[in-house]
Amino acid sequence: MRKSVATVATAAFLALAGCTSTSAPEAPQGSAQQNAVVQQLGFSGKSTQQIIEAIDSSPDARPLGFGASVRGSELVLTKDDQEAKLGLPDGLFYLSVAPYRTHTHECYNHSLATCKGELANEDVTVRIVDDQGKVLVDRQAKTYANGFVGTWLPRDVRGTVTVTHDGVRGSAPFATTEGSPSCMTTLRLTEKV
């Protein structure tokens with residue numbers, strides 16, 4: 001009975017949360033439990049970077065049947081009553097951006113399993129420039145089925161993300177410093193190009 005209550009509570013939380021708000025990371029769990037969660041979700045042998053990319057770009061409808069949240073320096077995976085915390089690659093920060101035209105939602109820690117943006121499977125141009133004027137990203141992309149497009153950025157930088165879609169663009173500031181959000185849902189497409 002205890003397991004089914006935990007399962008129901010986790011599912012209810014994920015359905016209501018959509019994306020996660022700020023929260024402090026908890027102490028890491030033991031490696032045996034982490035390995036069990038990773039294996040149960042079918043990600044054995046994959047790096048944290050590969051797991052994040054696979055989940056965020058998954059064509060499956062949200063919410064997924066498990067939890068997956070990118071929190072600054074770690075990926076937190078949850079399945080039933082088990083949790084795994086996997087560190088992000090040294091020097092890298094994962095930022096997932098959901099450009100929008102009319103509706104959005106609040107988000108801080110990107111939930112790979114529940115977050116949904118307005119523009120799913122749409123062609124976009126993503127340009128990310130740091131405060132020193134250095135172009136970090138300049139590419140054509142397609143938003144994932146969840147309406148986001150993810151990018152790996154260097155840590156400890158600030159700058160601007162600009163997305164162009166169907167003749168309209170928008171920009172928003174970003175940071176990859178300690179405590180910065182991994183989810184950007186504030187980039188509204190309003191400027192005609």
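Structural remarks
Each row is one residue, and each column tells you yes or no for (1) out of contact with any helix residue (DSSP H, G or I) (no Cβ under 8 Å at 6 or more places or on another chain); (2) within 30 Å of Ser44 (Cα to Cα); (3) aromatic (Phe, Trp, Tyr).
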position: Tyr94; (1), (2), (3): no, yes, yes
position: Arg101; (1), (2), (3): yes, no, no
position: His110; (1), (2), (3): no, yes, no
position: Val124; (1), (2), (3): yes, no, no
position: Lys142; (1), (2), (3): yes, yes, no
position: Asn146; (1), (2), (3): no, yes, no
position: Arg155; (1), (2), (3): yes, yes, no
position: Thr162; (1), (2), (3): yes, no, no
position: Thr190; (1), (2), (3): yes, no, no
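- Within the stretch 36-67, tally of residues that are outside any loop (DSSP other than H, G, I, E, B) and in contact (Cβ under 8 Å) with a residue 12 or more places away in the chain: 12
- Single residue of Val135, Val157 found to be exposed (fewer than 12 other Cβ atoms within 10 Å of the Cβ), closer than 21 Å to Asp90 by Cα and modelled with pLDDT of 95 or more: Val135
- Flag if Val124 is surrounded by 13 or more Cβ atoms within 10 Å (Cβ to Cβ), farther than 15 Å from Val70 by Cα and β-branched (Val, Ile, Thr): yes
- Here Pro89 meets each of (1) surrounded by fewer than 21 Cβ atoms within 10 Å (Cβ to Cβ); (2) of a type outside the set (Lys, Arg); (3) in a loop (DSSP other than H, G, I, E, B); (4) out of contact with any helix residue (DSSP H, G or I) (no Cβ under 9 Å at 6 or more places or on another chain) with one exception, condition (4).
- Pairing residues of the stretch 122-137 that are closer than 13 Å to Tyr100 by Cα and in a strand (DSSP E or B) with residues that are at pLDDT 95 or above and hydroxyl-bearing (Ser, Thr, Tyr), at Cβ distances under 8 Å and at least 6 apart in sequence or on separate chains, gives Val124/Thr143; Val124/Thr164.
- Among residues of the stretch 88-114 that are free of Cβ contacts under 8 Å to residues at least 24 places away in the same chain, those with a beta-carbon under 7 Å from a residue that is part of a loop (DSSP other than H, G, I, E, B) and among the acidic types (Asp, Glu) at least six positions away or on a different chain give the pairs Thr102/Glu118; His103/Glu118.
- Of residues in the stretch 143-154 being assigned to a strand (DSSP E or B) and surrounded by 13 or more Cβ atoms within 10 Å (Cβ to Cβ), the one nearest to the chain's Cα centre (by Cα): Gly150
- Restricting the stretch 68-86 to residues that are among the small types (Gly, Ala, Ser) and assigned to a strand (DSSP E or B), the residue that is farthest from Val38 (Cα to Cα) is Ser69.
The values are calculated or read from the model by the stated rules, or taken from the named source; none is laboratory data. These figures come from a predicted structure and were not determined experimentally. Positions of Cβ are backbone-derived with ideal geometry, glycine not excepted, and every protein chain shown enters the neighbour counts.
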